[in-house]
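Every number in this text was worked out from the coordinates using simple rules, so none of it is lab data. The model shown is predicted, which means the values in this text are computed figures rather than measured ones. Positions of Cβ are generated from backbone atoms using ideal geometry, with glycine treated the same way; all protein chains shown enter the neighbour counts.
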Amino acid sequence: MANNSTDMPIGVFDSGVGGLTVLRALERELPDERFVYLGDTARLPYGTKSERTVQKYAVQAARRLVDEGVKALVIACNTASAVALDALRDAYADIPVFGVVEPGAAAACHASKRGTIAVIATEGTVRGGAYQRAILHLRPDARVLARPCPLLVTLAEEGWTSGSVPEQVVAAYLGDWLAESARPDCLVLGCTHFPILTPLIAKAAPRGMALVDSAQTTARAVLDALVVRAGAGAGGAAAPRRRLLATDNRERFARVGRVFLGEMLTPEQVELVDL
């Protein structure tokens with residue numbers, strides 16, 4: 001990395017507010033670092049769009065963060081990680097670029113004892129096959145099941161994380177897997193919306209099934225990489241620790257974002273930007 005100054009922020013972007021779960025995990029793992037988060041709320045969701053469109057949007061979001069002088073980029077979006085990670089690493093070879101798929105796949109391979117791993121994600125992530133490829137690259141003998149779960153995204157954004165209706169939705173998505181005699185022993189939460197649904201999903205999962213949260217695994221991967229580069233753990237104290245950028249609707253970003261970040265947000269804390 002050309003410049004590893006500890007007062008440079010880490011850039012994080014997502015199609016909307018779901019990536020705030022990644023930001024939250026990063027702030028826990030790297031409490032002395034500064035962050036700039038960009039939610040491309042004008043063009044969400046990425047999960048239903050074509051690979052070409054997602055790549056274009058991801059490059060534009062990354063460019064906006066690089067213009068902020070970030071020392072690392074975190075793609076806090078499974079869909080963008082699946083289709084745009086290589087393009088961003090080529091475009092910004094002088095700074096580390098992290099996706100959420102690789103750390104999640106590695107954690108799943110480590111957690112699964114029998115090698116039967118299930119992935120729940122958006123349509124785009126499942127269709128692109130990134131988790132399937134990443135898991136099989138690390139563990140060729142694995143059996144990988146993958147399923148899009150779009151209603152879970154809606155439940156998360158509405159903050160509907162408990163009760164009979166959310167439980168029925170989870171059961172509808174996971175029921176046949178859990179009933180199999182060779183059911184998966186590891187479930188990857190392959191969408192950044194899903195970590196806030198962990199208690200709901202864990203309640204439906206059988207005893208002994210490991211849950212892999214890609215937000216947490218990504219945060220640990222960033223920590224490990226930046227410590228090696230001697231750039232983590234000593235962020236500049238003078239500048240704001242966190243900036244939140246959005247491409248549309250500050251009010252909705254604040255209202256929904258507080259669910260994912262786990263704290264109160266106001267529209268005044270969100271800066272509107274163009275890409």
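Counting only residues at least eight positions apart within a chain, or on another chain, the lysines with an alpha carbon under 26 Å from that of Lys71 are Lys56. Counting Lys and Arg as +1 and Asp and Glu as -1 over every other residue whose Cβ lies under 15 Å from the Cβ of Lys113, the net charge comes to +3.
Listing Leu187, Leu211 from the residue with the fewest other Cβ atoms within 10 Å to the one with the most, what is the order?
Leu211, Leu187
When only DSSP loop residues count, what GluC sites (Glu not before Pro) in the stretch 157-191 have their Cβ near at most 15 other Cβ atoms within 10 Å? Present the calculation step by step, with values, prior to reporting the outcome.
Working: sites: Glu157, Glu158, Glu167, Glu180; in loops: Glu158, Glu180.
Within the stretch 157-191, the qualifying GluC sites (Glu not before Pro) (loop, at most 15 other Cβ atoms within 10 Å) are Glu158, Glu180.
Based on DSSP H segments of at least four residues, each scored -39500 (n - 2.57), the chain has a per-residue ellipticity at 222 nm of -14000 deg cm²/dmol. Residues Val100, Val259 in ascending order of nearby Cβ atoms (within 10 Å, fewest first): Val259, Val100. The residues packed around Thr48, meaning those with a beta-carbon under 13 Å from its beta-carbon, carry a net charge of +1 if Lys and Arg are +1 and Asp and Glu are -1. Angle of helix 164-179 to the longest C-alpha principal axis of the chain, folded into 0 to 90 degrees and rounded to 10: 60°. Equivalent ellipsoid of the stretch 101-214: semi-axes from √(5λ) of the C-alpha gyration tensor, largest first, are 22, 15, 12 Å. Taking the fewest neighbouring Cβ atoms within 10 Å as the starting point, the ordered list for Val169, Val222, Val66, Val101 is Val66, Val169, Val222, Val101.
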